[in-house]
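First up is the structure itself, then whatever we jot down about it.
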Amino acid sequence: MTLYVNTCNQKFTTPLVDGAGKKRWLLWGDPVEVLDDSETPPLVRARGWTGRVNPAHLSPQGLLELYGCWNCT
């Protein structure tokens, strides 16, 4: 299942904490793949990292989609 970082703190970031306790910062809108939600916080993968993130900072709905026309006439 894919969720998205949707945190409203002042920096629009949330930490992903790996098994060694190292924090990696995820940005508002980043997609997060939930690997195991049997524990809280859930085990996730995002930006190539695996760790745990606060589930209150995740949302099932994407926050931003961009569409463009690069060869429009």
| message | About the Cα centre, and with charges only on the beta carbon of Lys, Arg (+1) and Asp, Glu (-1), how big is the dipole of region 2-59? Nearest 20 debye, please. | response | 320 debye
| query | Ranked highest first by the average count of other Cβ atoms within 10 Å around their residues, in what order do 50-63, 10-23 fall? | reply | 50-63, 10-23
| request: List ARG47, ARG24 from most exposed to least, where exposure is judged by having the fewest other Cβ atoms within 10 Å. | output: ARG47, ARG24
| message | Using a 10 Å cut-off around each Cβ, can you sort TYR4, TYR67 from fewest to most neighbouring Cβ atoms? | response | TYR67, TYR4
| query | Hey, rough spin-label estimate for GLU65 and VAL34, points 7 angstrom out along Cα→Cβ, what's it come to in nanometres? | reply | 2.1 nm
| said: Using the Kirkwood radius over C-alpha pairs as Rh, can you work out the diffusion coefficient of the chain via Stokes-Einstein at 37 °C, viscosity 0.692 mPa s, in µm² per second? | reply: 253 µm²/s
| query | Can you list the cysteines of the chain that have no other Cys Cβ under 4.7 Å away? | reply | CYS8
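Any read-out appearing in this document is the output of simple, stated calculations on the displayed coordinates, not a laboratory observation. Keep in mind that what you see is a predicted model, and the values were worked out from it rather than measured. Neighbour counts are summed over all protein chains in view; Cβ atoms, including those assigned to glycine, are modelled from backbone coordinates with ideal geometry.
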